[in-house]
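Input: a single structure, listed below in structure tokens.
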Amino acid sequence: MGSEKAKEVVAVYPGSFDPVTNGHLDLIARGAEIFDRLIVAITRNLEKDPLFDVKERMEMLETVTFDWKNVEVDVFDGLLMDYARARSASVILRGIRAVSDYEYELQMAMMNRKIEPRIETVFMLPGEAYSYLSSRMVKEIARLGGLPKGLVPTAVEERLRAKFS
């Protein structure tokens, strides 16, 4: 056993990231410490009407994750488990802020396990400062002309202000 090479643990952190928040970055930072490689995977969800297109979200995520050498930003559509298999991932990273998140995420994790039992879902709680934060709330605040400091990275705040000015 001592001569066996340890397998690289690749995790996928999927989401719309529309826009990326400091809560997302909190999970990315902690995930980058735990996993050998962390793929932040932007979902192309045709049912949602995003504020930022996929290219813009990719640019923002690449800018704010640049310092983490084991973090990669990518885009996918289709089944998450198909994408995770194609990227040789063994973990799906998901954030949970509240009990309502847990109920939804539990259903998704169980279905994902049914589709691909070799891929585990790992839930992380956000840092206390971000337990209430969501992209939806950030967009709504920005639409109404406000954006309290500390919700999103500076580069994202600038893009939000440009969208609504």
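Readers should treat all values here as calculations from the given coordinates under stated rules, not as data from a laboratory. Here the structure is a predicted model, which is why all the values come from computation and not from measurement. Methodologically, a virtual Cβ is constructed for each residue, glycine included, from the backbone with ideal geometry; neighbour enumeration extends over all protein chains shown.
See the values below:
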| quantity | calculated |
| --- | --- |
| Assigned charges on the beta-carbon of Lys, Arg, Asp, Glu; the chain dipole about Cα centre (debye) | 100 debye |
| Rounded to whole Hz, the Karplus (6.51, -1.76, 1.60) HN-Hα couplings of the range 78-83, x for glycine and proline | x, 6, 4, 5, 5, 4 |
| Amide H partners (placed H, <5 Å) of residue 72, local residues excluded | 38, 39, 40 |
| Lysine-lysine proximity count for the range 10-163, Cα under 23 Å, sequence distance 8 or more or distinct chains | 8 |
| Degrees separating the helix 99-115 axis from the principal Cα axis of the chain, which is the longest one | 40 degrees |
| Computed label-point distance, nm, for sites residue 158 and residue 67 using a 7 Å Cα→Cβ extension | 1.7 nm |
| Where only C-alpha atoms are counted, convex hull volume of the chain per residue in Å³ | 129 Å³ |
| Listed residues 91, 122, 152, most fluctuating in the chain (Gaussian network, C-alpha, under 10 Å) | 122 |
| Helix 54-65 axis, angle to the chain major axis (alpha carbon atoms, nearest 10°) | 80 degrees |
